[in-house]
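The values are calculated or read from the model by the stated rules, or taken from the named source; none is laboratory data. Remember, predicted model here, so these are calculated numbers, not experimental data. Don't worry about glycine lacking a Cβ; one is built from the backbone with ideal geometry, like all the others, and counts go over all protein chains shown. Each accessible area value is taken on the protein alone, full model and side chains, heavy atoms only, with ligands, DNA and RNA left out. Shrake-Rupley method; radii C 1.70, N 1.55, O 1.52, S 1.80 Å.
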Amino acid sequence: MQFLTLIDYKPTEIEQIPSYAEKYDVIVAGLGTTGAETALLCAEKGLKTLGIERMTGMGGQLTFSSMAEKMCNFDGGDAQKKENKSIELTEKYGISTVPSRLYIYEQEKEKYNLDTFYEATIIGVFIENNKVDGVRVLKYGKVADYQADMFIDCTTEAVICHMAGCKIKHGNNDGQQMAFSKTIGYMYDSQKPIGNWNTVYTMTKPSPEEYSEKVMKMSTLYPCNYEEKKKLVHQSNILGQRENGSVETLDTITFKDAVEQKQFKNPMFYTKFYCDTVKPDRDYSGEGDAYIKYRIISGLNYCLLTTCVPHGSIITKERENLLVASKCFGVSHDALSGLRFCSTLLKCAEAAAYTAYLAKKHNTLPKDVPYEELKELMLSTGAFNEQYNTGIIDIGTKEKAKVYTKEEVVKALKTDIVQNDGVLEAARERKFTYKEAELMPGLAYLTMSKKKEYADFIYEEMKKGGKYAGNLAIALALADDKRCADVLLEIVKKPGSEIDPVIEKTIPNRVKAIYLLGYLEETRAIEPLLDILEDYWGIILIMGVVGMVSTYVYNYFVAKKLFPAYEQEQFLAIQLENTLDKATILEYYLNIIYFGDNCYGIQNASQHYFSHSASKLSLDESAMLAGIIKSPNKIYLLSNYVYLYLKNFGQK
């Protein structure tokens, strides 16, 4: 038997022999939002259950967060029934739902004989025959071992999974993790608390040192602004909600699966989700092709995704009797932006409890429980939600998004494609409606990714030229048709031309074209990209509008070795020196380089730090700024724009 614990955040084996104080049917790690639901439901189904929690009670965000009233949502299932009881208590006694939830949890705990350890921490796991056999728990300064047939990890950090050696993927496709965002909770009079989320910092090479550095930096940013009748509820630096990692499970849901409506085997339930990411320069960076095509190219912010959540997404690959029912379940980084909300996770918790119950009932492994019985249990509480097995939904019409005819695609794309300001916020409040039923350009783009047989028709329309030829070329690229390349190249070389007019409040077609040329592996784009590098304003376009484009230029042109056979650094240097003199290169460099604290360029840095122009910098002041350039990560965050831009040309 192995004993594994975390040393330097890595599962490490130590020679230990268990001395079990007691054996359970199920041990649930973490009694937060999902853990409380899981443990109570296991106990209700007659399983001898132990719940282990670091806090002083159950419920997590539902009971201990000052933002509980604002952030928690329910959508059927057993958790909805508990919430209905909570609302009844609230109305009867005039109290908030937070204490009423705590009361219900503790009441059901006693009713179903659920054992709980509060203020306790799991410090190690025992492994035998590819299963978790037991856990070692530290509580009130004493250590004890507990054995179980089944384990359900509901912790935010996937503690048991991590200790047990399960594979956990962190960050987006590019390996970046969101470090912290500054969150300030306000309350006006008797209103519910309002969250205010500020600048997000990312970690490019996550480490304890960089993590701590970002905590300290965020702590000093964005001080609270006090206003009349405005009360401060809390302020804190919160870890990005997708950044605790995703455990490798039997099935993994990706954003692409949701867009393409993949039907997994053995769905636990169906659910809806919004794309809860709003920063093209940070949140979108490094995500998969499907995500970029959906959000940036198609601009489908106004559509609601529905998806199937399979049973395999809560069953770990490495340990046969270990389930994961927290936000670390089997979901990719891009899909977790919309699948990490209470309504989805609470159903995962319910399914995990039923899985444990059925595994005990049939004396089998979680992956082998009778699916029809699991489905029947999920249907009985209203958690299955098959009404969400409908594809992409238009928030405005609240109907299934159309797949357009080829004529409708052309009609939709022969219009100015404008981003919808505030669509996400309006969608959350369910207030967004269209003034009239229109053909949506985004849905036309989505149609082209599915209906490649339209390509010839779209190509003939594109050849006619005119104001909207660029839109049609982008549609062809989404159908993987390289006949669009000439038009896309013209857009990159001549922004604002007849086929690519400047339109306010939109992501320029030039940005989309750069990404799509990379996607199509079009090597003729190399020369205009180098021209962009030479052009100061071109650099500002790429850095200032959508930094994520650079990621894809890198992924396709560099990673697939489509550049000439030089080392990337040497190639870039040769091209620059053949084009510009060293003084000009230095001037361009100083005009765009990051100097920390959201300052770009020597002139901005001089004004920010010393309140005078760069021409008046003293030797000492110049030396200080030069020091910041050398190691901006050690002083301030290296901007994601700059990171992606440098990475684009092999300067990682």
- Would you check which residues across segment 107-125 are among the acidic types (Asp, Glu) and surrounded by 15 or more Cβ atoms within 10 Å (Cβ to Cβ) and list them? Glu108, Asp115
- Note on the structure: Of the residues in segment 132-148, those that are under 33 Å from the mean Cα position of the chain (by Cα) and farther than 15 Å from Pro18 by Cα come to none
- Would you mind stating whether Glu350 is open to solvent by 40 Å² or more (accessible area, probe 1.4 Å) and in contact with a helix residue (DSSP H, G or I) (Cβ under 8 Å, 6 or more places away or on another chain)? no
- Task: Specify which of the listed residues (Cys348, Cys308) is in a helix (DSSP H, G or I) and either modelled with pLDDT of 90 or more or under 11 Å from Ile253 (Cβ atoms) (or both).
- Result: Cys348
- Query: Do we find that Ile168 is touching a helix residue (DSSP H, G or I) at 6+ places or on another chain (Cβ under 7 Å) and at pLDDT 90 or above in this structure?
  - Reply: yes
- Item | Residues of segment 121-135 classified as farther than 15 Å from Glu320 by Cβ and among the β-branched types (Val, Ile, Thr), total | 4
- Is it the case that some residue within segment 388-410 is open to solvent by 20 Å² or more (accessible area, probe 1.4 Å), at pLDDT 85 or above and closer than 30 Å to Tyr354 by Cβ? yes
- Item | Complete set of residues in segment 14-33 that are surrounded by fewer than 16 Cβ atoms within 10 Å (Cβ to Cβ) and farther than 30 Å from Asn363 by Cβ | Ile14, Glu15
- Query: Are there any pairs with C-beta distances below 9 angstrom linking a residue in segment 9-28 that is assigned to a loop (DSSP other than H, G, I, E, B) to a residue that is surrounded by fewer than 13 Cβ atoms within 10 Å (Cβ to Cβ), with the two at least 6 apart or on different chains, and if so which?
  - Reply: Tyr9/Pro208; Ile14/Ile7; Gln16/Met1; Ile17/Met1; Pro18/Met1
- segment 123-161: number of residues that are closer than 22 Å to Ala359 by Cα and part of a strand (DSSP E or B): 17
- When (1) buried (at least 20 other Cβ atoms within 10 Å of the Cβ); (2) free of Cβ contacts under 8 Å to residues at least 40 places away in the same chain; (3) of a type in the set (A, V, I, L, M, F, W, C) are applied to Phe384, the one that fails is (2)
- Item | Selected residue (only one of Ala290, Ala335 is open to solvent by 10 Å² or more (accessible area, probe 1.4 Å) and aliphatic (A, V, I, L, M)) | Ala290
- Wholly inside segment 440-538, helices (runs of 4 or more DSSP H) that include 3 or more residues that are of a type in the set (Asp, Glu) and at pLDDT below 80 are 526-534
- Query: All but one of (1) open to solvent by 30 Å² or more (accessible area, probe 1.4 Å); (2) out of contact with any Phe, Trp or Tyr (no Cβ under 6 Å at 6 or more places or on another chain); (3) more than 23 Å from Glu453 (Cβ to Cβ) hold for Val369; which doesn't?
  - Reply: (1)
- Task: Could you run through segment 75-97 and say how many residues are surrounded by 17 or more Cβ atoms within 10 Å (Cβ to Cβ) and modelled with pLDDT under 80?
- Result: 1
- Message: For Tyr357, only one of the following conditions fails: (1) hydroxyl-bearing (Ser, Thr, Tyr); (2) more than 18 Å from Ala43 (Cα to Cα); (3) open to solvent by 10 Å² or more (accessible area, probe 1.4 Å). What is its number?
- Response: (2)
